[in-house]
Amino acid sequence: MIKTVPILVFSAGLLLISCESQVVKDENSQFYSVSLGSELILHREITVPPDQTSVYLQYGKIAASGHVDFYKPHCKFELYKISTKARVVKPDTFVVIKIVDQREDVSVGMPTYASLGFSYGDGPLHLTYSTAMYLESAVQPDVFRIDCKRWDDPVIGEYLSISEMREALGDYFTLKLADS
């Protein structure tokens, strides 16, 4: 009986330690998330072209969709409605009211008939790892969301870290975390 008491105490300690959660606060980690109530502060105007609802940001610059390297961190800034006229989004502070992390199959425009790539079974070669932050502004209600993402491997791919999001946004936006 005396020998089993230390074993029971040790086992109970292991069980308690295994229930403890570690809060990740490293902005370089994919596991540190943007929290509700965070703010996305736009410092300069962004023009959304006619017949479009969005612009891409990559490496701190506005990029045409045909010039985005989808394998690298990029963000898509979106409006609710399409218009035949160009629209200007003015500097403002947008509050993050909803966050959705998701993985989606990559859809390519042209069919691939032969490929040197390898997939896992009959699954996709790439997935889009995205963090969509739904935004709210009392001044500019047409602003919808910003979706920061990249294409990556289906098995070992990663969501963007906050540092990578900031790199994509450059000096257009400041991401101010609610819990910092």
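Of all residues in segment 143-174, those satisfying the criterion of being within 12 Å of the chain's Cα centre (by Cα) and assigned to a strand (DSSP E or B) are Arg145, Ile146, Asp147, Cys148, Lys149, Arg150, Trp151. Evaluate the following for Asp153: is it among the acidic types (Asp, Glu) and modelled with pLDDT under 95? Considered against the rule, which asks whether it is among the acidic types (Asp, Glu) and modelled with pLDDT under 95, Asp153 comes out as yes. Among the residues making up segment 78-100, those that are within 28 Å of Leu177 (Cα to Cα) and charged (D, E, K, R) are Glu78, Lys81, Arg87, Lys90, Asp92, Lys98. Of all the criteria given as (1) at pLDDT 95 or above; (2) buried (at least 18 other Cβ atoms within 10 Å of the Cβ), the one not satisfied by Val139 is (2).
Going by what's in this entry, would Ala64 be described as more than 15 Å from the chain's Cα centre (by Cα) and modelled with pLDDT under 95? Against the criterion (more than 15 Å from the chain's Cα centre (by Cα) and modelled with pLDDT under 95), Ala64 qualifies. Against the numbered list (1) at pLDDT 95 or above; (2) surrounded by 14 or more Cβ atoms within 10 Å (Cβ to Cβ), Tyr32 comes up short only at (1). Restricting attention to segment 151-180, the residues being touching a strand residue (DSSP E or B) at 6+ places or on another chain (Cβ under 7 Å), surrounded by fewer than 20 Cβ atoms within 10 Å (Cβ to Cβ) and of a type in the set (Ser, Thr, Tyr) number 1. Which of the residues that make up segment 58-96 are surrounded by 15 or more Cβ atoms within 10 Å (Cβ to Cβ), among the acidic types (Asp, Glu) and closer than 20 Å to Ser130 by Cβ? Correct list: Glu78 only. Selection of first residues in segment 138-162 that are farther than 20 Å from Val48 by Cβ and among the hydrophobic types (A, V, I, L, M, F, W, C) and of second residues that are part of a strand (DSSP E or B) and modelled with pLDDT of 90 or more, restricted to Cβ pairs under 6 Å at least 6 apart or on distinct chains, gives the following pairs, ordered by first then second residue: Leu160/Cys148. Being modelled with pLDDT under 95, more than 20 Å from Glu27 (Cα to Cα) and not in a strand (DSSP E or B) is a property that holds for Pro124.
The values are calculated or read from the model by the stated rules, or taken from the named source; none is laboratory data. Treat the numbers as computed from the prediction; the structure is a model and nothing was measured. Backbone-built Cβ (ideal geometry, glycine too); neighbour counts: all protein chains shown.
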